[in-house]
1. Just for region 88-101: of the residues that are touching a residue at least 60 places away in the same chain (Cβ under 8 Å) and surrounded by 18 or more Cβ atoms within 10 Å (Cβ to Cβ), which one is farthest from THR132 (Cα to Cα)?
2. Can you go through ALA170, ALA178 and tell me which one is in a loop (DSSP other than H, G, I, E, B), touching a Gly at 6+ places or on another chain (Cβ under 9 Å), surrounded by 15 or more Cβ atoms within 10 Å (Cβ to Cβ) and small (Gly, Ala, Ser)?
3. Of the numbered conditions (1) under 15 Å from GLY121 (Cβ atoms); (2) modelled with pLDDT of 95 or more, CYS206 fails exactly one; give the number of that condition.
4. Restricting the first residue to region 168-184 and requiring it to be under 23 Å from HIS221 (Cβ atoms), which pairs with a second residue that is surrounded by fewer than 12 Cβ atoms within 10 Å (Cβ to Cβ) meet a Cβ separation below 8 Å and a spacing of at least six or different chains?
5. Look through region 130-151, keep the residues that are surrounded by fewer than 18 Cβ atoms within 10 Å (Cβ to Cβ) and at positive phi, and return whichever of them is modelled with the highest pLDDT.
6. State whether the residues of region 52-59 include one that is in contact with a Pro (Cβ under 9 Å, 6 or more places away or on another chain), more than 23 Å from GLY136 (Cβ to Cβ) and in a loop (DSSP other than H, G, I, E, B).
7. Exactly one of (1) over 18 Å from the mean Cα position of the chain (by Cα); (2) among the charged types (D, E, K, R); (3) within 29 Å of LEU107 (Cα to Cα) is unmet by ASP139. Its number?
Amino acid sequence: METNSHWIDIAAADGGFGAYVSLPRGGKGPGIVLLQEIFGVNQHIRNVADQYAADGYVVIAPDLFWRHGARIELGYDDAGWKRAVELMNATDFALAQSDIAATAKALRATEGVADKIASIGFCFGGRLSYHTAANGLVDAAVCYYGGGIHNALERAGQITVPMLMHFGGADSHIPPAAVQSIAEAFGDNEQVEIHVYPGAEHGFNCNHRASYQQRAAAQAHGNTLLFLGEQL
């Protein structure tokens, strides 16, 4: 399916930021707020946006690092990792959530967007997707290897929308005990679905990284499409 993409500007309380938009052929469909890794809205995230647009979704990926420089793009070498961690640590989490709220509002106001929207986040964005659901900003949420979710389980009771979580079985950043604690916190919530992919490392969905695992990425994408198809 053909897509077309462009950047837009979204107003924030303390300025404004850019967001990458990818549209499906025809420009209509359910909406997705796509939340970046710590490497910015780089080529990988734009590719993911285009992938979901090809699947029939209207996708907006906000630049959450804009207060440190517009459209920062980082690679996965040592220098990229160093700068990415610095940016993550320097990011005001409350302001990032405010930016996501503004993005969700802009997405819902976009012509051609269906009644429901979802958030999908990766790594840093996976954690943000979890909080986006807890904040009641979306109708469904997907979290890919969301680091730190296990440290925010006090918000588990605030999740009232369907949520899908993907974890790698060999994730060196998110230990099995953390995933188990998340599963236990949502044990009675039938709307929350958790998948663990054996042998998959952190970042298994990113084909720009050495940790990419094609099988896990394909399975997770398929599971996500089924989830979105049912919920949106």
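1. Top of the filtered list is ASP99.
2. On the way: ALA178 fails: in a loop (DSSP other than H, G, I, E, B).
Step by step, each of ALA170, ALA178 is checked, and only ALA170 is in a loop (DSSP other than H, G, I, E, B), touching a Gly at 6+ places or on another chain (Cβ under 9 Å), surrounded by 15 or more Cβ atoms within 10 Å (Cβ to Cβ) and small (Gly, Ala, Ser).
3. All conditions pass for CYS206, except number (2).
4. Pairs found: GLY168/GLY199; GLY169/PRO198; GLY169/GLY199; ALA170/PRO198; ALA170/GLY199.
5. Of everything passing the filter in region 130-151, GLY136 is modelled with the highest pLDDT.
6. Yes: region 52-59 contains one or more residues that are in contact with a Pro (Cβ under 9 Å, 6 or more places away or on another chain), more than 23 Å from GLY136 (Cβ to Cβ) and in a loop (DSSP other than H, G, I, E, B).
7. Result: ASP139 passes all but (1).
Each row is one residue, and each column tells you yes or no for (1) at pLDDT 95 or above; (2) among the acidic types (Asp, Glu); (3) over 18 Å from HIS6 (Cβ atoms).
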{"residue": "VAL58", "(1), (2), (3)": "yes, no, no"}
{"residue": "ASN89", "(1), (2), (3)": "no, no, yes"}
{"residue": "ALA101", "(1), (2), (3)": "yes, no, yes"}
{"residue": "ALA106", "(1), (2), (3)": "yes, no, no"}
{"residue": "GLU111", "(1), (2), (3)": "no, yes, no"}
{"residue": "ALA114", "(1), (2), (3)": "no, no, yes"}
{"residue": "ALA118", "(1), (2), (3)": "yes, no, yes"}
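The values are calculated or read from the model by the stated rules, or taken from the named source; none is laboratory data. These numbers come from a predicted model, not from an experiment. When we count neighbours, we look across all protein chains shown, and the Cβ atoms used for this are built from the backbone with ideal geometry, even at glycine.
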